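**Student:** First the structure, then my questions, so here it is.
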Amino acid sequence: MAEISIQKNIIYLSGELEVPSIRSILEQVKNAMTSNDVPQIIFDLSELTKIDSAGVALLDEIKARFSAPDRSIQFLNTPPQIQEAIVSFSIVDLPAESAAIRKSFFESIGERVYKTITNSGDLLFLIADIFYWSIIGLFRRKGQREGSFIQQSVLIGVNAFAIVGLISFLIGFILALQSAAQLRQFGANIFIADLIGIAMLKEMGPMMTAIVVAGRSGSAIASEIATMVVTEEIDALKTMSLNPIRYVVVPKFHGITLTMPLLTVFSDFLGILGGFIIGITYLQLSATAFLNELVTVLILKDVLTGLFKSVIFAWIIIIVACYFGLKVTGGSEGVGKATTASVVASIFFVIVADSILGLIFYFNQPIY
Amino acid sequence: MNPIIQVRNLTAQYDEEIVLDDLSIDVYPNEIAIILGKSGCGKTTLLKNIIRLYQPSSGTIEILGQDVTWMEEIEFNKILRKIGVLFQNGALLNSLTVADNIAIPLEQHTDLPPSLIRRLVREKLHLVELDNAGSLLPSQLSGGMRKRAALARAIALDPLILFGDEPTAGLDPVTAAALDQLLLKLRRLLNMTLVIVTHELTSIQRIADRIIFLDRGKVIFQGTLDAAKQSSISTIQRFFNP
């Protein structure tokens with residue numbers, strides 16, 4: 001530990017000036033400086049036996065903090081080994097850190113607008129690339145890994161069946177339960193079949209499937225592609241004369257395009273099953289009455305509307321995931337950010353698309 | 001002289017595969033010990049066992065005179081504060097700037113005021129010649145810069161022992177030589193002991209005091225570089241004259 005003793009304008013430092021004693025030495029020097037207004041303060045370092053980088057930083061700090069036009073600070077009698085450490089570690093002669101340049105308000109706005117335009121252009125190019133190579137990929141398998149379409153279909157679709165099924169069942173169940181109390185008041189129990197059938201097929205089935213797939217597979221796709229960018233795997237593919245969109249993205253695009261409608265049909269079925277259970281238990285409908293009403297109210301267009309939506313949602317999920325994955329910057333931090341951004345943007349655009357499609361189909365629907 | 005690191009009868013394995021086999025080594029204060037050997041011979045495993053990132057199957061490890069093999073984590077953390085580790089790829093935290101990376105051990109393990117911590121960070125950055133890189137993120141650095149930034153973080157607390165896993169691998173000769181000179185300077189200024197795993201022969205020639213040569217998890221040679229070059233062991237001969 002270092003010791004400090006003060007005699008008039010001379011401060012003696014002795015012992016080992018290292019991390020454990022720095023704070024107390026600094027406090028004592030501060031007190032000495034405030035109670036001493038002589039024009040010259042001398043630090044005698046002759047009794048210092050050891051100094052570490054924190055000790056050197058302390059000496060620099062003393063000089064920087066307490067030197068003034070009317071007060072000079074000097075370090076004298078420095079032993080050679082201490083002097084060598086001071087010379088090696090000290091940064092007192094370096095120029096001060098330059099302050100970060102702050103952008104003006106208009107510069108910030110301009111930069112954002114410019115970035116948005118550039119990013120939109122990149123997104124359009126990506127969409128064009130994905131569709132072009134996906135159509136080419138249907139006819140020519142070269143440039144894609146053997147079996148990758150099946151593998152992706154299993155990863156995105158088959159492995160999601162359980163969670164999509166469970167969530168859809170619970171959604172149908174809850175929807176029916178909440179509606180049942182209202183319908184009962186008007187003796188309109190049978191209309192639970194209409195409500196659940198239309199809601200699941202046209203809205204909740206495609207939407208819930210898309211949200212689950214965006215959270216489950218969209219995030220996986222974004223992080224996989226982002227990791228490939230960060231670890232230069234995408235660059236490696238390019239140097240092997242392989243188109244990364246064709247090799248990496250197209251199998252996922254085909255896989256999700258095939259499996260999303262199938263998942264949606266499954267979701268519709270289990271959602272209706274949830275409503276059916278409430279219908280025959282809580283509302284005491286007969287199974288035949290429920291199914292008859294369901295068959296009467298549903299038309300083919302409702303099924304097709306849901307399936308059409310599911311394909312659009314699938315494309316949104318895959319395009320957004322690929323966009324954020326390919327645009328990643330930085331290391332592991334960037335991968336995490338890309339994944340989060342991808343999921344948030346996917347769900348947002350799925351809901352926006354659902355609203356737009358909902359409006360379009362609303363003005364074209366038959367009157368029941 | 002008592003060794004600063006003493007490893008006795010160390011055996012380490014991954015599942016059934018024995019990676020270190022009844023290995024014993026000593027490292028003495030203020031020396032630069034180079035751990036050498038072919039890829040897969042257990043060099044990095046040895047290093048990670050000594051700093052307890054891996055736990056050995058049997059044997060003992062003493063650091064600074066204390067048996068750390070099964071030491072309580074709280075106790076071992078006190079030892080770790082006297083140790084710096086330079087990882088092969090830097091292992092900087094990507095979400096923090098270079099300056100923030102270097103400040104981590106200073107903020108967590110000292111009671112220094114913030115102004116002094118900032119000064120110390122600049123000191124370390126200056127030492128590794130990265131004066132203007134403090135505000136950059138690790139992803140904005142080149143490979144050589146990242147290694148130097150990682151070294152600055154490893155020596156933030158002026159450790160007594162510095163472990164380095166391939167510190168000069170992948171660097172150009174000029175940067176590698178500068179890094180070696182920096183390690184020598186740190187050893188002199190801070191009385192540091194260095195344990196370095198490396199394959200770089202030029203680097204070994206510049207800094208090595210003693211060579212510890214591993215082959216299939218066993219120590220087959222310990223001694224100076226000149227003695228290693230004159231060794232009659234065929235594995236060592238092939239290493240120096242491939």
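The values are calculated or read from the model by the stated rules, or taken from the named source; none is laboratory data. The structure presented is a predicted model; accordingly, all values stated were derived computationally and were not measured. Cβ coordinates were reconstructed from backbone atoms using ideal geometry, including for glycine residues, and neighbour counts include every protein chain displayed. Areas reflect the complete protein model, heavy atoms only, side chains present, ligands, DNA and RNA absent. Shrake-Rupley method; radii C 1.70, N 1.55, O 1.52, S 1.80 Å.
**Student:** Do you know which residues across segment A:325-345 are open to solvent by less than 20 Å² (accessible area, probe 1.4 Å), part of a helix (DSSP H, G or I) and within 14 Å of chain B (Cβ to nearest Cβ)?
**Tutor:** A:Gly334, A:Ala338
**Student:** Something else about it: So A:Ser24 ticks every box in (1) within 12 Å of chain B (Cβ to nearest Cβ); (2) closer than 17 Å to A:Pro79 by Cα; (3) surrounded by fewer than 16 Cβ atoms within 10 Å (Cβ to Cβ); (4) hydroxyl-bearing (Ser, Thr, Tyr) but one. Which box is left unticked?
**Tutor:** If we test A:Ser24 against (1) within 12 Å of chain B (Cβ to nearest Cβ); (2) closer than 17 Å to A:Pro79 by Cα; (3) surrounded by fewer than 16 Cβ atoms within 10 Å (Cβ to Cβ); (4) hydroxyl-bearing (Ser, Thr, Tyr), just (2) comes out false.
Conditions tested, residue by residue: (1) polar (S, T, N, Q); (2) crowded, with 19+ Cβ neighbours inside 10 Å; (3) over 34 Å from the mean Cα position of the chain (by Cα); (4) over 30 Å from A:Gln284 (Cα atoms).
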{"position": "A:Ile171", "(1), (2), (3), (4)": "no, yes, no, no"}
{"position": "A:Leu177", "(1), (2), (3), (4)": "no, no, yes, no"}
{"position": "A:Leu183", "(1), (2), (3), (4)": "no, no, yes, no"}
{"position": "A:Ala193", "(1), (2), (3), (4)": "no, yes, yes, no"}
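**Student:** Further question: Would you pick out the residues in segment A:34-65 that are modelled with pLDDT of 85 or more, more than 14 Å from chain B (Cβ to nearest Cβ) and open to solvent by 80 Å² or more (accessible area, probe 1.4 Å)?
**Tutor:** A:Glu47
**Student:** Looking at segment B:101-108, can you tell me whether even one residue there is in contact with a helix residue (DSSP H, G or I) (Cβ under 9 Å, 6 or more places away or on another chain), in a loop (DSSP other than H, G, I, E, B), free of Cβ contacts under 8 Å to residues at least 60 places away in the same chain and within 12 Å of chain A (Cβ to nearest Cβ)?
**Tutor:** no
**Student:** Same structure again: Kindly indicate the residue of segment B:1-47 that is open to solvent by 50 Å² or more (accessible area, probe 1.4 Å) and basic (Lys, Arg) and also nearest to B:Glu166 (Cα to Cα) among those meeting that condition.
**Tutor:** Ranking the candidates gives B:Lys38 first.
**Student:** I'd like to check something: does segment B:147-156 contain any residue that is closer than 18 Å to B:Leu186 by Cα, facing chain A (nearest Cβ under 10 Å) and under 16 Å from the mean Cα position of the chain (by Cα)?
**Tutor:** Checking segment B:147-156: at least one residue is closer than 18 Å to B:Leu186 by Cα, facing chain A (nearest Cβ under 10 Å) and under 16 Å from the mean Cα position of the chain (by Cα).
**Student:** Additional query: Report the residue count in segment A:206-222 for those that are farther than 17 Å from A:Val303 by Cβ and either surrounded by 23 or more Cβ atoms within 10 Å (Cβ to Cβ) or touching an Asp or Glu at 6+ places or on another chain (Cβ under 7 Å) (or both).
**Tutor:** 6
**Student:** Now a separate question. With the checklist (1) open to solvent by 60 Å² or more (accessible area, probe 1.4 Å); (2) among the charged types (D, E, K, R); (3) away from chain B (no Cβ under 14 Å) in hand, flag the one item A:Asp354 doesn't pass.
**Tutor:** (1)
**Student:** Show me the strands (runs of 3 or more DSSP E) entirely contained within segment B:8-74 in which 2 or more residues are over 20 Å from B:Arg210 (Cα atoms).
**Tutor:** B:17-27, B:58-63
**Student:** Which ranges mark the helices (runs of 4 or more DSSP H) fully within segment B:130-228 that have 2 or more residues being touching a helix residue (DSSP H, G or I) at 6+ places or on another chain (Cβ under 6 Å) and open to solvent by 10 Å² or more (accessible area, probe 1.4 Å)?
**Tutor:** Filter on segment B:130-228 gives B:143-154, B:173-190.
**Student:** Note down all Cβ pairs under 8 Å where the first residue falls in segment B:110-124 and is more than 9 Å from chain A (Cβ to nearest Cβ) and over 14 Å from A:Leu26 (Cα atoms), the second is surrounded by fewer than 20 Cβ atoms within 10 Å (Cβ to Cβ) and not hydrophobic (A, V, I, L, M, F, W, C), and they're at least six residues apart or on different chains.
**Tutor:** Hits for this filter: zero, empty list.
**Student:** Here's another thing I want to ask about it. Test of understanding: among A:Gln144, A:Gln182, which residue is of a type in the set (S, T, N, Q) and part of a helix (DSSP H, G or I)?
**Tutor:** Of the residues listed, the single one that is of a type in the set (S, T, N, Q) and part of a helix (DSSP H, G or I) is A:Gln182.
**Student:** Let me ask something else. Regarding B:Ala12, is this residue over 28 Å from B:Pro138 (Cα atoms), small (Gly, Ala, Ser) and under 13 Å from the mean Cα position of the chain (by Cα)?
**Tutor:** For B:Ala12, the condition - over 28 Å from B:Pro138 (Cα atoms), small (Gly, Ala, Ser) and under 13 Å from the mean Cα position of the chain (by Cα) - is not met.
**Student:** Would you mind telling me which numbered condition in (1) within 14 Å of another protein chain (Cβ to nearest Cβ); (2) open to solvent by less than 80 Å² (accessible area, probe 1.4 Å) A:Val87 fails?
**Tutor:** Condition (2) is where A:Val87 drops out.
The rows are residues; the columns are (1) crowded, with 17+ Cβ neighbours inside 10 Å; (2) at pLDDT 95 or above; (3) among the aliphatic types (A, V, I, L, M); (4) part of a helix (DSSP H, G or I).
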residue: A:Met228; (1), (2), (3), (4): yes, no, yes, yes
residue: A:Lys238; (1), (2), (3), (4): no, no, no, yes
residue: A:Ser241; (1), (2), (3), (4): no, no, no, no
residue: A:Tyr247; (1), (2), (3), (4): yes, no, no, yes
residue: A:Val250; (1), (2), (3), (4): yes, no, yes, yes
residue: A:Ile256; (1), (2), (3), (4): yes, yes, yes, yes
residue: A:Leu270; (1), (2), (3), (4): yes, yes, yes, yes
residue: A:Leu283; (1), (2), (3), (4): yes, no, yes, no
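**Student:** State yes or no: is A:Ser90 closer than 30 Å to B:Arg188 by Cα, of a type outside the set (Val, Ile, Thr) and without any contact (Cβ under 8 Å) to a residue 60 or more places away in the chain?
**Tutor:** yes
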